[in-house]
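Worksheet: the structure to be examined is printed underneath.
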Amino acid sequence: MDEVLRSSKLAGILEQEGRAATSHAVRVVLERLRQEISAGGLDDSGAQLALEGIPAAVDRELRFALDPSLRRVVNASGVILHTNLGRAPLSAAAIEHLSQIAASYSNLEFDLMTGERGRRDVHVQRLFDRLLAEHRYADVSSDDAVPEAIVVNNCAAAVLLALNTLAEDGEVIVSRGELVEIGGSFRIPDVMVKSGARLREVGTTNRTRLSDYEQAITDNTRLLLRVHRSNFAMIGFTAQPATYELVELGRSRGIPVMEDLGNGLLVDLATAGIQGEYGLHQSLRAGVDVVCVSGDKLMGGPQAGVIAGRKQLIKRVRSNPLFRALRVDKLTYAALEATLLAYVKQDYSAIPALSMIYLSAAEIRSRAQPIGISVISSGVDLSVAGASGSRPTRPFDSCFQLRTRLAFALS
């Protein structure tokens with residue numbers, strides 16, 4: 001060990017990386033070499049070559065150990081919001097604001113006007129107030145009619161927190177066709193168990209009627225839950241009540257309706273050729289009392305879970321001790337604030353995820369042409385991912401025709 005560390009070939013590495021990190025790398029390399037020799041994997045000449053290659057092996061080990069594991073990649077999957085690739089890329093404004101806040105102290109929980117302690121969620125609350133102001137609950141006073149929103153660390157946390165607050169020790173009615181599992185074996189029934197609420201399944205896998213919900217209501221019912229089928233679709237002999245019908249039932253029986261919407265959509269994507277995808281505005285417009293969405297999907301911001309809905313219900317959620325356990329840090333608030341400011345200014349092109357969705361076929365062809373010439377000429381087989389998890393049966397035109405357009409680039 002000492003002999004290797006004294007080698008002149010390691011002098012530069014020792015100076016750059018320090019003795020502690022270099023010593024650990026040498027130890028790993030020597031132990032690996034000992035095991036290979038003991039196993040009979042090297043003869044005398046092979047062992048000699050391995051000994052001579054120790055400095056290079058130490059350098060490779062250091063690169064592996066010290067280089068960041070999280071790194072940039074090229075997303076050639078055809079899926080804009082790819083969970084495994086980090087979902088939505090942040091806007092330039094979000095990155096700039098995040099960098100400013102990360103590199104210094106901030107007024108995260110300090111009221112600059114009063115000089116007293118403040119609340120961290122006010123930084124995005126003012127923006128959600130503006131974005132959601134058009135959706136008012138008709139059955140409450142004007143002061144409480146506008147929906148309110150709070151933020152936790154992801155949508156799963158939002159669902160867990162809302163269920164625990166509003167339905168602990170009670171029953172939550174949900175259609176069997178909406179008992180979904182998403183990535184990472186995240187299952188709605190499992191989350192419900194952890195929240196302390198009891199699941200009451202109604203209907204069948206493919207057909208659930210409004211009467212199924214109505215007949216299942218008891219004195220122990222705390223919520224009617226709707227779960228958005230974000231990563232699969234059911235077609236054919238299917239049925240489910242409209243959201244407004246579920247809301248009307250809840251109103252008539254004094255039971256809140258909650259929706260795990262997930263997608264975080266804040267704009268109409270019809271102009272991008274995407275029909276039938278509804279978002280937070282549509283859910284609140286239908287009168288849903290509590291809606292949970294993600295910040296890093298179609299909202300185009302950082303990972304976060306947004307809980308929006310009736311002020312009195314959101315106030316209860318905010319007072320739950322779990323809210324502090326699931327809260328987000330200054331970096332998330334900084335990135336989310338910058339993202340929401342783009343929506344307030346209606347500068348949707350500044351949000352990378354939306355900008356990519358709104359790209360026309362001509363623009364995509366122009367960008368793909370030089371890449372296509374290079375890739376197809378190399379003989380690489382192109383396999384297209386097609387639909388994203390958010391649109392399992394309706395792939396974006398750009399994904400579906402990627403192979404054709406790359407081939408067109410050669411013509």
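Coordinate-derived values only; no laboratory data. Everything quoted here is computed from the prediction, not taken from an experiment. Positions of Cβ are generated from backbone atoms using ideal geometry, with glycine treated the same way; all protein chains shown enter the neighbour counts.
A few comments on the model shown:
- Fully extended contour minus Cα-Cα distance, from ALA233 to TYR137, at 0.36 nm per residue: 31.5 nm
- Secondary-structure-derived ellipticity at 222 nm for the chain, considering helices only, amounts to -13000 deg cm²/dmol, per-run term -39500 (n - 2.57) for DSSP H runs with n ≥ 4.
- Sites matching trypsin sites (Lys or Arg not before Pro) across region 302-363 that sit in DSSP coil, with at most 14 neighbouring C-beta atoms within 10 Å: LYS345
- Kirkwood radius, region 129-178, all distinct C-alpha pairs, inverse of mean reciprocal distance: 13.5 Å.
- Once the Cβ-Cβ distance of GLU109 and LYS9 is raised to the sixth power relative to R0 = 51 Å, the FRET efficiency obtained is 0.45.
- Cα gyration tensor, region 144-253 - rounded (a/c under 1.5), prolate or oblate: rounded
- Fraction of antiparallel bridges per DSSP, the chain only, in percent to nearest 5: 45
- From the coordinates of this entry, semi-axes √(5λ) of the Cα gyration tensor in Å is computed, and it appears in (1) 41, 23, 19; (2) 47, 28, 24; (3) 34, 23, 22 under the label (2).
- The Cα-based radius of gyration of region 2-66, divided by its Kirkwood radius, gives an Rg/Rh of 0.99.
- Note: relative contact order over region 2-66, using C-alpha pairs below 8 Å and six or more positions apart, is 41 percent.
- Computed on region 83-352, with alpha-carbon pairs under 8 angstrom and 6+ residues apart, the relative contact order is 28 percent.
- Shape of region 90-211, Cα gyration tensor, a/c cut at 1.5: prolate
- Gyration tensor verdict on region 1-135 (Cα atoms; rounded if a/c is under 1.5, prolate if a/b is larger than b/c, oblate otherwise): prolate
- With both labels modelled 7 Å from their Cα along Cα-to-Cβ, the SER69 to MET1 distance reads 2.5 nm.
- Length available on full extension from ARG209 to GLU36: 0.36 nm per residue minus the Cα-Cα distance, which gives 55.7 nm.
- In a DSSP loop and with at most 14 other Cβ atoms within 10 Å, the GluC sites (Glu not before Pro) in region 116-173 are GLU134, GLU168.
- Approximating the spin labels as points 7 Å out from Cα along Cα→Cβ, the GLU248-to-GLU168 distance works out to 3.5 nm.
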